[in-house]
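Student: One structure, pasted below without further comment.
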C-alpha cells in the first residue's frame with residue numbers, strides 16, 4: 001500500500017532519541033487546569049486518583065495525575081522550592097498516587113514566575129529537578145510564561161534543553177512536556193531539546209470553535225515530527241466539562257486520536273456522566289491514539305465543511321475519520337483511491353462498535369455524519 005505522508009520524516013539522533021521508551025506512545029492521564037485551575041489541592045488530587053481507578057480510566061491507560069499551576073510557594077533559605085498550604089506534603093501525595101498504580105506530574109516555568117504568578121524555576125533548574133525526583137515526580141509540564149522577561153525567543157531551545165538535562169541527570173525517568181504554545185516551530189527542535197511532547201498552539205477552550213480550529217486547522221504539515229518518544233500536543237481534553245455536546249466531544253476525542261495526541265482528561269473524573277465515560281473509555285478509539293507505529297494522521301480530502309482524515313496503523317491497518325464541521329447532517333464517503341490504497345479492507349465503526357462493510361475498488365464507504373460529528377472507522381486488510 002502507499003500512504004500520502006506530507007513530508008518524509010527526518011531522522012532524529014543524539015539527544016532527540018532520549019525518551020523514546022519513556023513516551024513510546026502519547027502520554028495519557030489527567031490534568032487539573034481546565035476545570036480546577038487554582039482550586040486544585042491535595043484532597044482533589046487524591047480524589048481524582050481514586051476515581052481514575054474506580055472508573056476504569058487507569059485500566060484503560062490513563063496513567064498520569066498531573067498537578068498544574070498554583071501548587072508553589074517560595075523557596076527556603078537554601079533555595080529549595082516549597083509547596084504552599086494546598087499541598088502540605090508533596091512526597092506523601094506522590095506516594096499515594098503511586099500506591100494506586102498511577103504516576104504523578106507537576107508544573108513549572110523556566111521564567112521567574114509561572115503563568116499564575118507563582119514561583120518559577122529560573123536559575124534553579126538543577127535544584128528543582130532534584131527536588132521533583134526526590135518527591136517521586138514522573139512528569140513535568142514546563143510553561144514559558146514569564147521567561148520572556150529574562151530570555152530572548154531565540155533562547156528557547158537551549159532554555160528547554162537545560163531543564164531536560166537537569167531532569168535526566170537525576171536518573172529518574174520524568175516525561176518532559178514543553179508548553180510554549182507552538183512558538184518558533186517547536187516541532188522542528190522540541191525533540192532535540194529533550195521534549196517528549198510540545199504544545200503546538202495556544203490554550204484550548206471548552207468550545208467547538210476552539211477545539212476544531214486547533215485540531216483541524218493548526219496541525220497541518222507537522223505530522224512528520226511526531227513519533228515514539230516525541231509528540232505534537234494540541235492541548236488537553238475538554239470532554240465532560242459542559243461546553244460542547246456529545247457529538248462534538250466525540251469529534252474532539254476522535255481527532256486527538258487521529259493526531260496521535262496526548263490524551264490528558266481535564267474533567268472531574270469523580271462525577272462523570274454516562275456520555276463522558278463512554279467517550280473517554282472507548283477502548284477502540286484509545287487504541288488508535290496509542291497505536292505502536294506512532295504515525296500521526298493527516299487530512300486527505302476536504303469538500304466544503306467536510307474532511308476525511310487517515311492515519312496509518314501497525315499491521316498495515318488504517319484509521320479513517322469522516323468529520324462534519326457544518327451545523328447540519330452531511331452525507332460523506334471515501335474510496336480506496338482517496339486513500340491511495342489497493343485491495344480489500346474490513347471496515348469497523350469505532351463508535352457504533354460494529355463491522356458492517358467491506359471496502360473495495362468498486363465499493364466506496366459512505367455514512368451520514370451528524371452536525372459537528374464524526375464517523376471513525378478502522379480498516380483492516382482482507
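The values are calculated or read from the model by the stated rules, or taken from the named source; none is laboratory data. All of these numbers come straight from a predicted model, not from anything done at the bench. Using ideal geometry, Cβ is built from the backbone for each residue, glycine included, and neighbour counts are taken over all protein chains shown.
Student: Tell me the residue from 35, 5 that is at pLDDT below 95 and either outside any strand (DSSP E or B) or touching a helix residue (DSSP H, G or I) at 6+ places or on another chain (Cβ under 8 Å) (or both), please.
Tutor: The match here is 5.
Student: I'd like the full set of residues that are assigned to a loop (DSSP other than H, G, I, E, B) and either in contact with a strand residue (DSSP E or B) (Cβ under 7 Å, 6 or more places away or on another chain) or over 9 Å from residue 313 (Cα atoms) (or both), limited to region 284-298.
Tutor: 290, 293, 294, 295, 296, 297
Student: Restricting region 191-201 to residues that are closer than 19 Å to residue 263 by Cβ and crowded, with 20+ Cβ neighbours inside 10 Å, which is farthest from the chain's Cα centre (by Cα)?
Tutor: 195
Student: Failed condition for residue 282, given (1) more than 19 Å from residue 216 (Cα to Cα); (2) surrounded by fewer than 16 Cβ atoms within 10 Å (Cβ to Cβ); (3) modelled with pLDDT of 95 or more, with all others met?
Tutor: So the condition that residue 282 fails would be (2).
Student: I'd like to know if region 177-185 contains one or more residues that are assigned by TED's automatic domain parsing to the domain that holds residue 24, part of a helix (DSSP H, G or I), more than 19 Å from residue 115 (Cα to Cα) and under 19 Å from the mean Cα position of the chain (by Cα).
Tutor: Within region 177-185 (the criterion being assigned by TED's automatic domain parsing to the domain that holds residue 24, part of a helix (DSSP H, G or I), more than 19 Å from residue 115 (Cα to Cα) and under 19 Å from the mean Cα position of the chain (by Cα)), the answer is yes, since at least one residue qualifies.
Student: Collect the residues in region 202-220 that are touching a strand residue (DSSP E or B) at 6+ places or on another chain (Cβ under 9 Å), buried (at least 18 other Cβ atoms within 10 Å of the Cβ) and in a loop (DSSP other than H, G, I, E, B), keeping them in residue-number order.
Tutor: Once the filter is applied, which keeps residues that are touching a strand residue (DSSP E or B) at 6+ places or on another chain (Cβ under 9 Å), buried (at least 18 other Cβ atoms within 10 Å of the Cβ) and in a loop (DSSP other than H, G, I, E, B), region 202-220 yields only 219.
Student: Okay, next question. Check region 291-300 and report whether any residue there is in contact with a helix residue (DSSP H, G or I) (Cβ under 8 Å, 6 or more places away or on another chain), exposed (fewer than 14 other Cβ atoms within 10 Å of the Cβ) and within 23 Å of residue 219 (Cβ to Cβ).
Tutor: Yes: one or more hits.
Student: Oh, and also: Restricting attention to region 62-103, report how many residues are under 24 Å from the mean Cα position of the chain (by Cα), in a loop (DSSP other than H, G, I, E, B) and either crowded, with 18+ Cβ neighbours inside 10 Å or not assigned by TED's automatic domain parsing to the domain that holds residue 281 (or both).
Tutor: 8
Student: Next up: Between 142, 160, which is in a helix (DSSP H, G or I) and either assigned by TED's automatic domain parsing to the domain that holds residue 371 or touching a strand residue (DSSP E or B) at 6+ places or on another chain (Cβ under 8 Å) (or both)?
Tutor: After applying the criteria, what remains is 160.
Student: OK, next. Out of 235, 315, 275, which single residue is in a helix (DSSP H, G or I) and on the phi > 0 side of the Ramachandran plot?
Tutor: Result: 315 is the single residue among 235, 315, 275 that is in a helix (DSSP H, G or I) and on the phi > 0 side of the Ramachandran plot.
Student: Would you confirm whether or not region 131-145 contains a residue that is more than 29 Å from residue 57 (Cβ to Cβ) and surrounded by fewer than 17 Cβ atoms within 10 Å (Cβ to Cβ)?
Tutor: no
Student: Return a yes/no flag: does region 318-326 have any residue that is touching a strand residue (DSSP E or B) at 6+ places or on another chain (Cβ under 6 Å), outside the structural domain of residue 43 (by TED's automatic domain parsing) and surrounded by fewer than 21 Cβ atoms within 10 Å (Cβ to Cβ).
Tutor: From region 318-326, those touching a strand residue (DSSP E or B) at 6+ places or on another chain (Cβ under 6 Å) are 318-324; that's our starting set.
If we keep only those that are outside the structural domain of residue 43 (by TED's automatic domain parsing) too, we end up with 318-324.
Filter once more, so that each one left must be surrounded by fewer than 21 Cβ atoms within 10 Å (Cβ to Cβ): none.
No, the conditions are met nowhere in region 318-326.
Yes or no, residue by residue, for (1) buried (at least 20 other Cβ atoms within 10 Å of the Cβ); (2) over 26 Å from residue 379 (Cα atoms):
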| residue | (1), (2) |
| --- | --- |
| 232 | yes, no |
| 235 | yes, yes |
| 254 | yes, no |
| 259 | yes, no |
| 265 | yes, yes |
| 269 | yes, yes |
| 273 | no, yes |
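Student: With respect to residue 45, is the statement that it is crowded, with 18+ Cβ neighbours inside 10 Å, touching a residue at least 12 places away in the same chain (Cβ under 8 Å) and more than 24 Å from residue 231 (Cα to Cα) true? Before you say what the answer is, go through the steps one by one.
Tutor: On the way: crowded, with 18+ Cβ neighbours inside 10 Å: yes; touching a residue at least 12 places away in the same chain (Cβ under 8 Å): yes; more than 24 Å from residue 231 (Cα to Cα): yes.
Against the criterion (crowded, with 18+ Cβ neighbours inside 10 Å, touching a residue at least 12 places away in the same chain (Cβ under 8 Å) and more than 24 Å from residue 231 (Cα to Cα)), residue 45 qualifies.
Student: Out of (1) farther than 17 Å from residue 125 by Cβ; (2) touching a helix residue (DSSP H, G or I) at 6+ places or on another chain (Cβ under 8 Å), what's the single condition that is false for residue 178?
Tutor: All conditions are met except number (1).
Student: I'd like the full set of residues that are touching a residue at least 60 places away in the same chain (Cβ under 8 Å) and within 8 Å of residue 240 (Cβ to Cβ), limited to region 270-284.
Tutor: Across region 270-284, the qualifying residues are 272, 280.
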